[in-house]
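A short write-up of the structure that comes next.
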Amino acid sequence: MKVRVTVMLKEGVLDPQGKAIGHALHTLGFPGVNDVRVGKIIDLDVEGTDRAAVQKQAEDMARDLLANLVIEDFTVEVLG
Amino acid sequence: MKVRVTVMLKEGVLDPQGKAIGHALHTLGFPGVNDVRVGKIIDLDVEGTDRAAVQKQAEDMARDLLANLVIEDFTVEVLG
Amino acid sequence: MKAAIVVFPGTNRERDMAIALRRVTGHEPRMVWHRDTDLTGIDLVVLPGGFSYGDYLRCGAMAAHSPIMTEIRSFAQKGGHILGVCNGFQILTESGLLPGALLRNANLRFLSQDCHLRVERTDTPFTHKWQKGDVFRTPLAHGDGNYTADQSTLDRLEGEGLVAFRYAAPNGHVQADDVASNPNGSVNSIAGILSENTRICGMMPHPEDLVDPLIGGVDGLPLFEGLVEALVR
Amino acid sequence: MKKTVDASLAQEFGLTAEEYARVVTIMGRTPSLTELGVFSVMWSEHCSYKSSRKWLRTLPTKAPWVIHGPGENAGVVDIGLGYAAIFKMESHNHPSFIEPYQGAATGVGGILRDVFTMGARPIANLNALRFGNPETPRTRQIIDGVVRGIGGYGNCVGVPTVGGEINFHPAYDGNPLVNAMTVGLARKDRIFLSAAAGVGNPVVYVGSRTGRDGIHGATMSSAEFDENAMAKRPTVQVGDPFIEKLLIEACLELMATDAIVAIQDMGAAGLTSSAVEMAGKGGVGIELDLDAVPQREPNMTAYEMMLSESQERMLMVLKPDRTEVARKIFEKWELDFAIIGHLTETGHIVVKHKGLVEADIPLDPLADEAPIYDRPATTPVVPAPLGPVHAPLSLDAALLKMVGSPDLASRAWVWNQYDSTVGGQTVRRPGAADAAIVKIEETSLALAITTDCTPRYCHADPKTGGAQAVAEAWRNLTATGARPLAVTDNLNFGNPEKPEIMGQFVAAIEGMGDACRALDFPVVSGNVSLYNETRQPDGSALAILPTPAIGALGVLDDVEKAVGLGMQDGKAVVLVGE
Ligand SMILES: Nc1ncnc2c1ncn2[C@@H]1O[C@H](COP(=O)(O)OP(=O)(O)O)[C@@H](O)[C@H]1O
């Protein structure tokens, strides 16, 4: 099953990359852009047919490796 | 309005990062993970109330800056 | 002092570290491949710099899950001494052996330049050859050296004196928002920290690359000389 | 989807009607698609040097300290105490325009492989860069990407980037030059060559898997191929410096054993050029079974596998009883390892896939009958002198203007993104001396390394410009206290089919040759990059300035005597020369 893990910096952690992109968008002529935050997507192809089990497995992977909970939050979405 | 731009490597383009993560997940005891692909999320807060206009603006931003169309594809989603 | 240098796939400053250790001990350190699990007879474990696993996902994240890390954790629990430099520091934070995290440099670029470090604490095996407030020069070379931690962790680090080194101007002046002296934007200009028992030290810059007058100077030498003295058997 | 092979397809593949006729004569029949692909690649300008070979032969290549000159993957010179320096420079111009980061990064990866394939541990990288007008946004983007790409790759593999040069000129607006140089170190009795030997010996593939990366630019425009697949199939290769680092360590570990008979990296035109060159040089035949090639994508055809430019791959011929030793080493480094064929006595390259023979080409004529052209060249017109130059209003203002001009401004913003200290042997970092200085560990020896060329001189007078580039490199080496040893070059020019461009090329080589002979400074390796032109709005093509970049290397017997740039208090200042 296809699973999408989304990892974002925690709110409150400074996101210099987002800030730089916001700045670049302004100079490129998009003044109406405010807050920009950058995150990561990890798309996985996980064996299994049980949605809940796959969801659980992907959450384990996120907690173990894909996200650093000191600075990041994650969400898991089983796409089927 | 909140907009999410998702940027992924084009199909067929080598994803060294995805490859390394897949490999690490196997050694971590998640053997059932096959293909891993890594992408970027850029969350924007765009001024405006017209969904279509905001969508269009975000697409322009993606084309101009957020995605590298030589090797990447993007999708834009207005979250409201 | 018997030192082990841990080599992960993508580690690339293990040879620099070996040169520094050889210089102060007179013998070859043991190179330990990340799949090995034997640390018997070792006094100091060094996690050197480099790009373990290509620095993909997050710097140090995948190395922190290598087989050898289980052994290193138990080595730490038994009171063993560990030095992590650059990628080694990132691995120590990713594995939870040191608190906090290292983010992308504030200017979002890889930085390769000299910096100056102020010594903040001297009653540790890593720093006792210096006086408190001493300033020394050392190269740094990293893309993700911007130290951060949540407020309570920071309060604890500062309160318990667990900051080993801070980025500073050559005259010792510390100013976190000054890119000249704190190039990667680290919070409180933190360049290196200690574990609670002061036996684990992680730092971003590379003192091991400044141990030879021919190669730019010997400013990094006191760290290694100090370790040999402290860990003599 | 099957294409008919004929003269018009051959033309799309870049072969002239005459060249295609020669292919048909050699084969004695119409070639298969895969065979045509092999010919078109081997006979391309890039692989065959068909426009430049005649002139390259005029360069001096010998000296008592030269161990291997041009013809191997890189040049090899004796630096004393049993050591050899192995070095070469190579361009990645076009890819760096299309995708600056990946183009520059894979350029570094490629030149590293040329050097460690010969048994050397890479100890220094340099890069010679030419960009367009820095005021334009596109050029700024290219500069940013190229510099990040060079750093991203070199920093990760742990080879210090210790020097280089940068020029700006509008002639490079649509065609930047990215020339990367690597210097490696080996024991001089442990050099590995590419000539295959030993009928029956296994042919082994190691490194990354093969994907559909960068397959044959020319065929991309061929509309009859599945259009959808083409649209999705990028010509840009993505580099993986992490895998390259593992490949370096694994190859060097294997090279410490006696398992390797021959080894060659898969550069441009990957499997084709490496297999053809190894077998051709060794005078043997080679048979490949493509089913065994590690593949990243499903359903790849023989044509695609033979022409893929996937990065971080090597081809080796091993002693048959050593394959298990080798396999273990590559497994330790977690790299793909596959026996994909063997050497034969047929003198042919035979490519099998899914039970079919996809190609069967006699190797001798493929090499011997490769086209070589003596293209017409006109004597370059030397432009009129600039005319009187006004004296500056004030020296202060003139100085400020010069210091602030892109061509003279500090390059610290570039080299501060390159790890110049990894390895712990960098005696002089960028900016600290006229040439970079890197020590040979545990000896008193050091290497001085520089890259030089002043394109506007070459434009004004290609012959003098070519000589000047060599002389400047020589001066930069001697200024550090080093004894200059040898040169690598990267000859970047426009379209050689234009007599005036060919004239620039010929004159520049003449100048370089004269200077090299006068200085006893042989050329031991190099690379030619032609067709560096940009189509203009009016349909004409704008060529770059003639840019024969010179990379050069010298040795200091006593590293303690190395001299840097910094002026010291109380010392006298002396002007030498005119
Ligand atoms: N692209 C580059 N990469 C690394 N170092 C560079 C690059 N360009 C210039 N440098 C370094 O900047 C310094 C000054 O360069 P340059 O002005 O070309 O010197 P010179 O005129 O003495 O040859 C040299 O040390 C050179 O190695």
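The values are calculated or read from the model by the stated rules, or taken from the named source; none is laboratory data. For clarity, every value in this text was computed on a predicted model and none was experimentally measured. Note that we place each Cβ from the backbone using ideal geometry, even for glycine, and neighbour counts take in every protein chain shown. Areas reflect the complete protein model, heavy atoms only, side chains present, ligands, DNA and RNA absent. Shrake-Rupley method; radii C 1.70, N 1.55, O 1.52, S 1.80 Å.
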*So if R0 is 22 Å, what FRET efficiency would residue C:40 and residue D:324 give, r being the distance between their Cβ atoms, rounded to the nearest 0.05?*
0.15
*With all protein chains present and a 1.4 Å probe, how do D:40, C:74 order by accessible area, largest first?*
C:74, D:40
*Accessible area, 1.4 Å probe, largest first: how do D:402, D:512 sort?*
D:402, D:512
*Once the Cβ-Cβ distance between residue D:378 and residue D:136 is put in as r, and R0 is 22 Å, what FRET efficiency do you end up with, to the nearest 0.05?*
0.10
_If you take each beta carbon of peptide D:420-432 and count the beta carbons of other chains within 10 angstrom, what is the mean?_
6
*Of all accessible heavy-atom area on region D:141-211, the percent that carbon and sulfur account for (1.4 Å)*: 52 percent
*Tell me, how many Å apart are the Cα centres for region D:66-104 and for region C:130-196?*
40 Å
*Which of the peptides C:110-117, C:202-209, D:467-474 is most tightly packed, and how do the rest follow, going by the mean number of other Cβ atoms within 10 Å of each residue?*
C:202-209, D:467-474, C:110-117
_Taking each residue in A:40-51, count the Cβ atoms of any other chain within 10 Å of its Cβ, then average. What number comes out?_
5
*Packing rank of D:440-451, D:47-58, D:101-112, where each peptide gets the mean count of other beta carbons within 10 Å, highest leading*: D:101-112, D:440-451, D:47-58
*Of all the accessible heavy-atom surface of chain C, with the other protein chains kept in place and a 1.4 Å probe, what percent is carbon and sulfur?*
47 percent
*Could you tell me the distance between the Cα centroids of region D:138-165 and region D:441-469, to the nearest Å?*
20 Å
*Using the Karplus equation 6.51 cos²θ - 1.76 cosθ + 1.60 (θ = phi - 60°), what ³J(HN,Hα) coupling, rounded to whole Hz, does each residue of region C:182-191 give in order, writing x for Gly and Pro?*
10, x, 9, x, 4, 5, 6, 6, 6, 10
*Rel. contact order, % - alpha carbon contacts under 8 angstrom, at least six apart, chain B*: 52 percent
*What nm value, rounded to one decimal, do you get for the distance between residue D:573 and residue B:50 when each label is placed 7 Å out toward the C-beta?*
6.5 nm
*Once you have a ≥ b ≥ c as the square roots of the Cα gyration tensor eigenvalues for region C:74-231, tell me rounded if a/c is under 1.5, and otherwise prolate or oblate according to whether a/b is larger than b/c.*
rounded
*Which value in deg cm²/dmol, rounded to the nearest 500, describes the helix-derived mean residue ellipticity at 222 nm for the protein assembly as shown, given -39,500 (n - 2.57) per DSSP H run of n ≥ 4 and division by the residue count?*
-9000 deg cm²/dmol
*Rounded D (µm²/s) - region A:2-79, Kirkwood Rh over Cα pairs, Stokes-Einstein at 25 °C, 0.890 mPa s*: 174 µm²/s
*Average the reciprocal distances over every distinct pair of alpha-carbons in region C:10-54, invert the result, and give the Kirkwood radius in Å.*
11.5 Å
_Radius 14 Å from Cβ of residue D:511, net charge of other residues (Lys, Arg +1; Asp, Glu -1)_ = -4
_Dipole of the protein assembly as shown, positive direction: furthest Cα of C:214, C:152, D:397, with charges on the beta-carbon_ = C:214
*Packing-based order for D:84-95, D:20-31, using average beta carbon neighbours within 10 Å, highest first*: D:84-95, D:20-31
*What are the residues whose amide H is under 5 Å from the amide H of residue D:166, where those residues sit 5 or more places off or on another chain and H is modelled from the backbone?*
D:129
_Solvent-accessible area, 1.4 Å probe, carbon plus sulfur percent, for region B:2-79_ = 50 percent
*Residues of chain D: accessible area per residue with a 1.4 Å probe, Å²*: 39 Å²
_Compute a Gaussian network model of chain C, connecting alpha carbons closer than 10 Å, and tell me which residue from C:47, C:154, C:98 fluctuates the most._
C:154
*Whether the protein assembly as shown is rounded, prolate or oblate, judged on the alpha carbon gyration tensor where a/c under 1.5 counts as rounded*: rounded
*Return the average number of partner chain Cβ atoms within 10 angstrom of each residue Cβ along peptide D:151-159.*
5
*Comparing C:185, C:172, C:41, which has the greatest mean-square fluctuation in the GNM of chain C with Cα pairs linked when under 10 Å apart?*
C:41
*Just grab the label-to-label distance for residue C:28 and residue C:74, each label 7 Å out from Cα along the Cβ direction, in nm (one decimal).*
2.7 nm
*Per-pair calculated FRET efficiency, R0 = 35 Å: residue C:134 and residue A:19 via Cβ, rounded to 0.05*: 0.50
*Between chains C and D, what is the buried accessible area summed over both chains (1.4 Å probe, protein heavy atoms, nearest 100 Å²)?*
2600 Å²
*Would you give the gap between the C-alpha center of region D:500-536 and the C-alpha center of region A:31-73, rounded to a whole Å?*
54 Å
